[in-house]
1. Would it be correct to say that B:T43 is in contact (Cβ under 8 Å) with a residue 60 or more places away in the chain and either hydrophobic (A, V, I, L, M, F, W, C) or over 15 Å from B:R146 (Cβ atoms) (or both)?
2. A:N91 versus (1) under 15 Å from A:I262 (Cβ atoms); (2) of a type outside the set (A, V, I, L, M); (3) under 25 Å from the mean Cα position of the chain (by Cα): which is the lone unmet condition?
3. Do we find that A:P153 is out of contact with any His (no Cβ under 7 Å at 6 or more places or on another chain), away from chain B (no Cβ under 14 Å), under 30 Å from A:M204 (Cβ atoms) and assigned to a helix (DSSP H, G or I) in this structure?
4. Using beta carbons and a limit of 9 Å, which pairs, at least six apart or on different chains, have the first residue in segment B:96-125 and not assigned by TED's automatic domain parsing to the domain that holds B:Q140 and the second one at pLDDT 95 or above and among the aliphatic types (A, V, I, L, M)?
5. Do any residues in segment A:16-45 that are over 24 Å from A:L268 (Cα atoms) have Cβ atoms under 7 Å from those of residues that are basic (K, R), where the two are at least six apart or on different chains, and which pairs are they?
6. Among the residues of segment A:239-261, are any at pLDDT 90 or above, closer than 30 Å to B:G85 by Cβ and of a type in the set (V, I, T)?
7. Could you tell me which residue of segment B:298-311 is modelled with the highest pLDDT, considering only residues that are part of a loop (DSSP other than H, G, I, E, B) and farther than 13 Å from B:A343 by Cα?
8. Would you call A:G174 of a type in the set (G, A, S), under 23 Å from the mean Cα position of the chain (by Cα) and closer than 30 Å to B:K104 by Cα?
Amino acid sequence: MRAERRSGSLMAAPYAAFLAVFALYPILFALVLVFLKWDLVTTPVFAGFDNVRVLANDGRFWRAVENTFVFLSIHLPLQIASALALALALNRPLMFRSFWRAAFFLPVVISGAVVAILWSNLYATDVGLINGLLVRVGLNPVPWLTDPSTAMPAIAAMVTWKNVGFYVIIYLAGLQYIPRSCKEAIEIEGATTWQRFRYLTLPMLLPQTILVVTLSTINGFQLFIEPYVMTGGGPLRRTYSIVLYLYTNAFAYQKMGYAATIGVALALIIGTVVLIQRRVIGKAEAL
Amino acid sequence: MPSVHFDHVSKRFGATTVVEDFSLDVEDGELLVLVGGSGSGKTTILRMLAGLEEVTEGTIRIDDRDVTALPPRDRDVAMVFQDYGLYPHMTVRENLSLGLRLRKVARTEIDRRVAWAADMLRLEPLLDRKPKQLSGGQQQRVAMGRAMVREPLVFLFDEPLSNLDAGLRAQMRIEIGGLQRRLMTTTVYVTHDQVEAMTLGDRIVVLADGRIQQIGKPIELYRSPVNRFVAGFVGTPPMNFVDGNVAQKNGSISFTSDGIDFPFLSERRASDVPSGSVTLGIRPEDMTVDVLDAQSDGPTRGLQGRVVLVERLGGTSHIHFDAGPHRLLAAVSNDRLPEVGDAISVRLHSERIHLFVGDRRISSVI
């Protein structure tokens with residue numbers, strides 16, 4: 001028994017070491033940094049609750065929080081709807097089905113920076129492909145990334161496109177789990193296509209939907225690379241996300257203590273939001 | 001007027017023919033059983049009737065309406081699936097009522113029908129549970145209730161009992177039969193289990209390789225199977241078959257095979273029986289077994305055999321014995337059973353002997 005326990009610990013040791021170095025240590029270090037002022041060069045100075053106090057009154061930080069919530073309010077519904085719709089389409093008998101599935105998954109494995117550069121070109125006001133198409137059908141070109149009202153929605157649409165393949169996989173797995181006899185039973189019982197979706201498919205995909213909401217919320221709060229590459233947070237700071245603000249404080253202003261405080265605040269915000277989401281949609285989870 | 005009418009229906013998947021030229025009338029209120037082994041096409045026929053499978057050729061009519069091209073929801077049928085197909089996220093009550101809600105039936109009428117079905121199937125205490133909180137037998141009853149509340153023209157059962165254990169299966173068989181007789185709803189019931197078919201069916205359709213082998217009442221299939229397949233398929237334990245020859249000697253006819261010379265047909269007209277190679281069929285219960293004592297000089301009419309196995313089932317016993325190279329089985333209810341190794345004399349009840357030429361049974365012999 002003791003030998004068994006020892007070999008068990010031994011086998012877990014590499015992962016435990018990894019976790020300690022890359023998760024536990026940074027978390028603890030960040031918590032310590034909250035109470036320090038440190039520019040990465042000079043000796044850190046103890047600052048008490050200064051960082052927290054500054055953060056609470058930092059209009060730029062709260063603007064970033066607001067921006068991130070705007071992003072999520074567009075990204076989440078769009079992500080769920082597009083992933084679900086694509087999964088339903090790809091679950092049918094379809095020509096070249098494997099090709100389509102691979103095609104929609106491809107953006108997931110492409111670097112975020114590459115996707116951001118690609119989409120900057122698509123969104124470009126004068127030479128972009130999207131505006132080219134709009135002009136061709138007789139519409140006015142839209143300054144996607146330079147108009148404060150369209151910049152964040154444009155980024156949200158792009159992030160949705162990049163991640164959709166991942167969530168499609170989750171929904172496809174869920175769809176294949178619905179027993180054939182259930183689908184046939186509801187068909188015989190008189191359901192139209194919409195009623196089949198409403199009364200069988202959608203409720204039976206609830207566990208997958210909870211997962212998609214949780215994962216895309218956590219991901220969405222960490223929005224960084226897209227505004228960093230495409231807009232630099234503009235126009236009028238409208239695409240300044242929380243993580244972009246954190247990054248700027250850490251590596252442009254060298255305010256490591258303040259950046260860590262933003263990081264801890266972000267973790268608390270994510271935790272709270274996910275908890276609320278679970279309460280709301282988790283009620284129906286008792287399948 | 002028949003309630004369900006199949007007119008020369010065929011089903012092909014690519015080059016494979018699953019159902020071939022299937023024609024059948026199901027009478028109003030009848031419980032018709034489709035029985036056959038796997039690959040016999042029985043489930044495909046049921047699924048074509050439900051509208052879950054397209055018909056390659058031919059027409060299907062329900063209540064004198066051509067439904068061949070109609071989607072399942074427009075056929076007014078209800079189906080009970082092998083794995084029940086209950087909606088796992090809904091309570092029993094919601095499972096029962098969904099079909100009616102989808103069809104915009106009035107709330108009071110839905111409540112009335114759900115209460116009626118729940119009462120008939122003893123489901124009241126379970127109405128607020130989810131399917132996974134129910135036993136297999138209870139899920140089965142919910143599936144039946146879901147079909148009943150719709151009050152459809154036709155019930156379809158697709159091997160509904162095969163996921164239950166033996167005891168429950170026998171009990172549910174009785175319930176389904178009783179329920180169908182009370183409701184008098186036309187029912188098509190698919191099973192691979194011939195005992196289920198025999199006990200439930202008003203009529204039985206025996207299928208093999210997508211073709212009808214025989215249609216008839218259970219006792220007709222049992223007493224007068226048209227061919228060797230039906231003879232072997234219907235009845236447990238199955239019929240014994242012995243390949244041999246019929247030869248006429250001095251006006252009497254005998255059946256001969258390796259180690260068997262059996263003059264069983266003396267009372268029959270010789271012209272009824274073809275000479276040449278035939279297969280003799282005899283059901284295990286149509287034999288009488290006598291233990292040969294040392295002093296007896298043996299029977300004159302019967303098979304001589306040696307017992308290789310005795311299965312005591314209580315009421316009846318199965319005696320496996322060798323007659324020449326043939327391993328046969330007799331089902332007897334004797335008090336005095338032979339022991340393994342005993343020499344026995346076996347009398348065949350000649351009015352119950354079946355003769356097959358090729359695959360077909362020669363009905364005139366019986």
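1. In short, yes.
2. (1)
3. So A:P153 does not fit the description; no.
4. Taking only residues 6 or more apart or on different chains, not a single pair turns up.
5. Filtered contacts from segment A:16-45: A:P44/A:K37; A:V45/A:K37.
6. Checking segment A:239-261: not a single residue is at pLDDT 90 or above, closer than 30 Å to B:G85 by Cβ and of a type in the set (V, I, T).
7. This residue is B:R301.
8. It is true that A:G174 is of a type in the set (G, A, S), under 23 Å from the mean Cα position of the chain (by Cα) and closer than 30 Å to B:K104 by Cα.
The values are calculated or read from the model by the stated rules, or taken from the named source; none is laboratory data. Note that the structure is predicted; figures quoted are calculated from it, not measured. Every residue, glycine as well, gets a Cβ built from its backbone with ideal geometry; the counts of neighbours run over all protein chains shown.
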